[in-house]
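Student: This structure is in structure tokens; I'll ask about it shortly.
The values are calculated or read from the model by the stated rules, or taken from the named source; none is laboratory data. Model, not experiment: these values are computed from the prediction. Glycine also receives a Cβ, built like all others from the backbone with ideal geometry; neighbour counts cover every protein chain displayed. Side chains included, ligands, DNA and RNA excluded: accessible areas come from the protein's heavy atoms. Shrake-Rupley method; radii C 1.70, N 1.55, O 1.52, S 1.80 Å.
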Amino acid sequence: MSYPDLRVTFLGTGTSGGVPMIACNCVVCSSESERDKRLRSSILVQSHNTTLVVDTTPDFRTQMLRENVKKLDAVIFTHPHKDHIAGLDDIRAYNFFQQKSMDVYANPLTQEALRRDYYYIFSEKKYPGIPSIDLHTISNEPFTVGDIPVIPILVHHLKMPVLGFRFGNFTYITDANRIEQEEKEKIKGSGVLVVNALRKKEHISHFNLQEAINLVEELKIPTAYFTHISHQLGLHDEISKELPSNIHLAYDGLQINIPGK
Ligand SMILES: [Zn+2]
Ligand SMILES: [Zn+2]
């Protein structure tokens, strides 16, 4: 499948509470380094003519202002946890300037949460100025957003099914602690993989650092970035030194270019 040149921007790389975490005095939360300041996890994926965001975090407004995103074509959701959907209300700005509904792609489980949490978007009588969305259902079939092909990848987050996405040569997986063999096949061959690595200690619903490293090695991924990072992982600069040379900790604002094919 051919795909255009892509630019990926890390809008946020933190776990649900963000880093620093409110009221925490630990060494990471007290760090002055910009690399230790992590908004909630989300990426922007852009081709020459299409811009999409994966998840709308509680920091969505801050993230879009920081990256100066003037045009947004679609939102793609991974799963219905609040740290991934809480920013949806702020797509209103794009409704206003683009004069159209926002295309929103989600699986049935996430759609159920959207209908509950954003009941007013779906109400019969709409209050003026509320967000306007066009919901599209993600099944396990590939789809395209503008000129960007998207392959959904099913991963597991404790018991919750979560979607990862492959965009050409680039795969993004957040909030997973288990991936079945069949889905791993969809990731193989990616030049760049982003995957969650919460902390060193094991966790019930996220890969820890070693499990994430093992996945990158098992799938023989040339270049990987870790995201959805907790303050418990440690300082960015210190942990970075411990990683294999092809694996990096992502940080907010990091951009990577994925050549098209
Ligand atoms: Zn999360
Ligand atoms: Zn989650």
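Student: Explain nothing, just the number: relative contact order of region 128-257, from Cα pairs under 8 Å at least 6 residues apart, as a whole percent.
Tutor: This gives 17 percent for region 128-257.
Student: From zero up to wherever the largest Cα-Cα distance of region 31-103 sits, split into 5 Å bins and tell me the percent of pairs in each.
Tutor: All Cα pairs considered, the percentages come to 3, 15, 27, 25, 16, 8, 3, 1, 0.
Student: In degrees from 0 to 90, rounded to the nearest 10, what is the angle of the helix 108-117 Cα long axis to the longest principal axis of the chain?
Tutor: Around 70 degrees separate the two axes.
Student: To test your reading of the geometry: what angle, between 0 and 90 degrees and rounded to tens, separates the Cα axis of helix 209-218 from the longest principal axis of the chain?
Tutor: Roughly 90 degrees between the two axes.
Student: Hey, what do the phi angles of region 26-38 turn into as Karplus ³J(HN,Hα) couplings, whole Hz, using 6.51/-1.76/1.60 and θ = phi - 60°, x for Gly and Pro?
Tutor: Each residue's phi maps through the Karplus curve to give 5, 5, 6, 5, 8, 4, 8, 5, 4, 5, 9, 10, 10 Hz.
Student: Here is a further query. Working from the alpha-carbon coordinates of region 108-261, get Rg over Rh, Rh being the Kirkwood radius. Please report the intermediate quantities before stating the final value.
Tutor: Values: Rg = 17.6 Å, Rh = 17.2 Å.
A ratio of 1.02.
Student: Also, quick follow-up: If you count only protein heavy atoms and use a 1.4 Å probe, how large is the accessible surface of Tyr251, to the nearest 10 Å²?
Tutor: Roll a 1.4 Å probe over it and Tyr251 shows about 60 Å².
Student: Taking the Kirkwood radius as the inverse of the mean 1/r across Cα pairs, report the Rg/Rh of region 1-132. Don't skip to the end; give the middle numbers.
Tutor: Details: Rg = 16.0 Å, Rh = 15.9 Å.
Rg divided by Rh gives 1.00.
Student: Now, a different point. Would you look at the GNM of the chain, springs on alpha carbons closer than 10 Å, and say which of Phe226, Phe207, Phe143 moves the most?
Tutor: For the chain, modelled as a Gaussian network with Cα springs under 10 Å, the answer is Phe143.
Student: Averaged per residue, what accessible surface does the chain expose to a 1.4 Å probe, in Å²?
Tutor: Working: 12130 Å² over 261 residues.
Normalised by residue count, the accessible surface of the chain is 46 Å².
Student: Classify region 1-47 from the C-alpha gyration tensor, please: rounded if a/c falls under 1.5, else prolate or oblate depending on whether a/b exceeds b/c. Please list the in-between numbers first.
Tutor: On the way: a/c = 5.21, a/b = 3.03, b/c = 1.72.
Judged from the Cα gyration tensor, region 1-47 comes out prolate (a/c at least 1.5, a/b above b/c).
Student: For region 1-152, what is the number of Lys pairs with C-alpha distance below 19 angstrom, counting only pairs 8 or more positions apart or on separate chains?
Tutor: Values: Lys70/Lys100; Lys71/Lys100; Lys100/Lys125; Lys100/Lys126.
Close lysine pairs found across region 1-152: 4.
Student: Where the accessible area of region 21-103 is counted over protein heavy atoms with a 1.4 Å probe, how much of it, in %, is carbon and sulfur? Could you put the intermediate results ahead of the total?
Tutor: Values: 2090 of 3930 Å².
That share works out to 53 percent.
Student: Scan around Ile43 for amide H atoms under 5 Å from its own, H built in the peptide plane at 1.01 Å from N, and keep only partners 5 or more places away or cross-chain.
Tutor: Leu11, Val54
Student: May I ask you to work out the translational diffusion coefficient for region 222-261 at 4 °C, viscosity 1.567 mPa s, via Stokes-Einstein with Rh from the Kirkwood sum over Cα pairs, reported in whole µm²/s?
Tutor: On the way: Rh = 11.5 Å.
Taking Rh from Cα pairs, D becomes 113 µm²/s.
Student: I'd like the projected area of region 79-156, averaged over all directions, using the convex hull of its alpha carbons. Report it in nm² with one decimal. Please report the intermediate quantities before stating the final value.
Tutor: Working: hull surface 23.7 nm².
Convex hull of Cα atoms, orientation-averaged projection: 5.9 nm².
Student: Report the charge-dipole magnitude of region 1-125 in Debye, nearest 20, computed about the Cα centre from +1 at each Lys and Arg Cβ and -1 at each Asp and Glu Cβ.
Tutor: Working: 15 positive and 15 negative charges, 39 e Å.
The dipole of region 1-125 has a size of about 180 debye.
Student: Also, quick follow-up: Under 11 Å from a label point 7 Å along Cα→Cβ of Lys200: give me every residue in region 146-188 with its amide N that close.
Tutor: Of the residues in region 146-188, none has backbone N under 11 Å from the label point off Lys200.
Student: Estimate the FRET efficiency between Asn25 and Asp117 by the formula 1/(1 + (r/R0)^6), using the beta-carbon distance for r and 30 Å for R0, to the nearest 0.05.
Tutor: Working: r = 32 Å, r/R0 = 1.07.
Approximately 0.40, to the nearest 0.05.
Student: Please state the Cα pair-distance histogram of region 53-95 with 5 angstrom bins from zero: what percent is in each bin?
Tutor: Taking all Cα pairs of region 53-95, the binned fractions are 6, 24, 38, 23, 9, 1 percent.
Student: Here's something else I'd like to know. Where nothing but the Cβ of Lys and Arg (+1) and of Asp and Glu (-1) is charged, how large is the charge dipole of the chain around its Cα centre, in debye to the nearest 20? Don't skip to the end; give the middle numbers.
Tutor: Values: 28 positive and 31 negative charges, 65 e Å.
Computed charge dipole of the chain: roughly 320 debye.
Student: Follow-up. If I take every Cα pair under 8 Å that is 6 or more residues apart in the chain, average their sequence separation and divide by the length, what percent do I get for the relative contact order? Numbers along the way, then the final one.
Tutor: Values: 584 pairs, mean separation 57.3, N = 261.
Relative contact order, the chain: 22 percent.
Student: Compare Gly14, Gly191, Gly146 in a GNM of the chain, Cα atoms joined below 10 Å, and give the one with the largest fluctuation.
Tutor: Of Gly14, Gly191, Gly146, the Gaussian network model singles out Gly146 as fluctuating most.
Student: Hey, what number do you get for the chain at 222 nm if only DSSP H runs of n ≥ 4 count, each worth -39500 (n - 2.57), divided across all residues, to the nearest 500?
Tutor: Details: 7 runs with 52 residues, N = 261.
Mean residue ellipticity at 222 nm (helix-derived): -5000 deg cm²/dmol.
Student: Which residue, chosen from Gly234, Gln46, Tyr3, occupies the Cα position most advanced towards the positive end of the dipole of the chain, where the dipole is computed from +1 (Lys, Arg) and -1 (Asp, Glu) charges on Cβ about the Cα centre?
Tutor: Of the options given, the answer is Gln46.
Student: Moving on to the next point. Below 14 Å, Cα to Cα, which aspartates and glutamates can Lys159 reach? Residues fewer than 8 away in the same chain don't count.
Tutor: Asp175, Glu180
Student: Can you give me the distance in nm between label points at Glu124 and Lys159, each placed 7 Å from the Cα along the Cα-to-Cβ direction?
Tutor: Computed distance between label sites Glu124 and Lys159 equals 3.6 nm.
Student: Test of understanding: extend the Cα→C-beta vector of Glu185 to 7 Å, then name every residue of region 213-228 with backbone N under 17 Å from that spot.
Tutor: Counting only backbone N, you get 219-220.
Student: Here is a follow-up. Rank Val53, Val69, Val19 by mean-square fluctuation in a GNM of the chain with C-alpha springs under 10 angstrom and give only the top-ranked residue.
Tutor: Val69
Student: Right, something else. How big is the Cα convex hull of region 189-261 in projection, averaged over all directions, in nm²? Don't jump to the answer; show the numbers that get you there.
Tutor: Numbers: hull surface 21.3 nm².
The orientation-averaged projected area of the Cα hull of region 189-261 comes to 5.3 nm².
Student: What is the pair-distance distribution P(r) of region 142-212, computed from all Cα-Cα distances in 5 Å bins starting at 0, with each bin given as a whole percent?
Tutor: Histogramming region 142-212 at 5 Å steps yields 4, 17, 26, 25, 16, 8, 3, 1, 0 percent.
Student: Okay, next question. Hey, what D do you get for the chain in µm²/s if you plug the Kirkwood alpha-carbon radius into Stokes-Einstein at 37 °C and 0.692 mPa s?
Tutor: On the way: Rh = 18.5 Å.
Translational diffusion coefficient: 177 µm²/s.
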